[in-house]
1. Gain in length, residue 23 to residue 6, computed as 0.36 nm per residue apart minus the alpha-carbon separation, to one decimal in nm?
2. Could you work out the local net charge near residue 185, counting Lys and Arg as +1, Asp and Glu as -1, over the other residues with Cβ closer than 12 Å to its Cβ?
3. Between residue 155 and residue 189, how high is the FRET efficiency from 1/(1 + (r/R0)^6) when r is the Cβ-Cβ distance and R₀ = 35 Å? Nearest 0.05.
4. With a/c under 1.5 counting as rounded, go ahead and sort the stretch 55-189 into rounded, prolate or oblate using the C-alpha gyration tensor (a ≥ b ≥ c being the square roots of the eigenvalues; past the cut-off, prolate if a/b is larger than b/c, else oblate).
5. Give, rounded to the nearest 20 debye, the magnitude of the charge dipole that the chain has about its Cα centre when Lys and Arg contribute +1 at Cβ and Asp and Glu contribute -1 at Cβ.
6. Taking the alpha-carbon centroid of each part, what is the distance from the stretch 136-194 to the stretch 73-93 in angstrom?
7. Given a Förster radius of 45 Å and the C-beta distance between residue 114 and residue 43 as r, what FRET efficiency does 1/(1 + (r/R0)^6) yield to the nearest 0.05?
8. Within straight cross-link reach of residue 171, meaning Cα distance under 29 Å, which lysines are found once same-chain residues fewer than 8 apart are removed?
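Values quoted throughout were computed directly from the atomic coordinates according to the rules given, and no laboratory measurement underlies them. What you see is a predicted model, and the numbers here were worked out from it, not measured in a lab. For neighbour counting, all protein chains shown are included, and Cβ atoms are generated from backbone atoms with ideal geometry for every residue, glycine included.
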Amino acid sequence: MAEESAKEFKRMDLVERQIDSTKVFEGRLLHVYKDNILLPNGNRSTREYIKHLGAVAIVAVDDDGRIAVEHQFRYPFNAELIEIPAGKLDYVGEDPLSAAERELREETGITAREFEYMGPLYPTCAYSNEVIHLYWAKGLSFGDRHLDEDESINVEMMDLKAVVKMILEGKIQDAKTQAAVLQVWTRMNQSVRF
């Protein structure tokens, strides 16, 4: 009996075309839009989405294999979450590396000799255009923090392996932290480079 090959699926045009756009809400951080669109099949629909300037997130690893983590109260979840240092871009076109250096220094007091770009993360692609640029910071030096007026953050250095274990046990729920930490862990522990 001959083996059956995997089913071939017909590819179709997936592009949705904007007919018009209405700004529904403009806040300090988020700008909400409702667009009328034309679907690939010719039908019309709407899309509600958030425009966001973008952000950065940093896995800062010291020489002992520990990473900087933050404990921060997140109002939408009414809970203190564990996250890696991160922050939004300040303006359209801001260099993400400059933002990563600034956010790491402001939130933790850490500066790094080297930043390795690990790529973009789309945290909520179904309803936002936010892009979080992920970085791995190495060669750390420690100094004073300079938190924004609306920030309350506790910082600690935790063993990377312990943080990975917490992620796998569901104790760290933040998506950017999961993605970035697991990426650093994989890069540090894989014998084959892609």
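1. Numbers: separation 17, 0.36 × 17 = 6.12 nm, distance 4.47 nm.
This chain segment gains 1.7 nm when fully extended.
2. On the way: positive: 161, 165, 187; negative: 159.
It works out to a net charge of +2.
3. Working: r = 25 Å, r/R0 = 0.71.
According to the calculation, E is roughly 0.90.
4. Working: a/c = 1.16, a/b = 1.05, b/c = 1.11.
Note, shape of the stretch 55-189 comes out rounded.
5. Around 740 debye, computed over the chain.
6. Going from one Cα centre to the other spans 14 Å.
7. Working: r = 50 Å, r/R0 = 1.12.
With R0 = 45 Å, the Cβ-Cβ based efficiency is 0.35.
8. Filter leaves 88, 138, 161.
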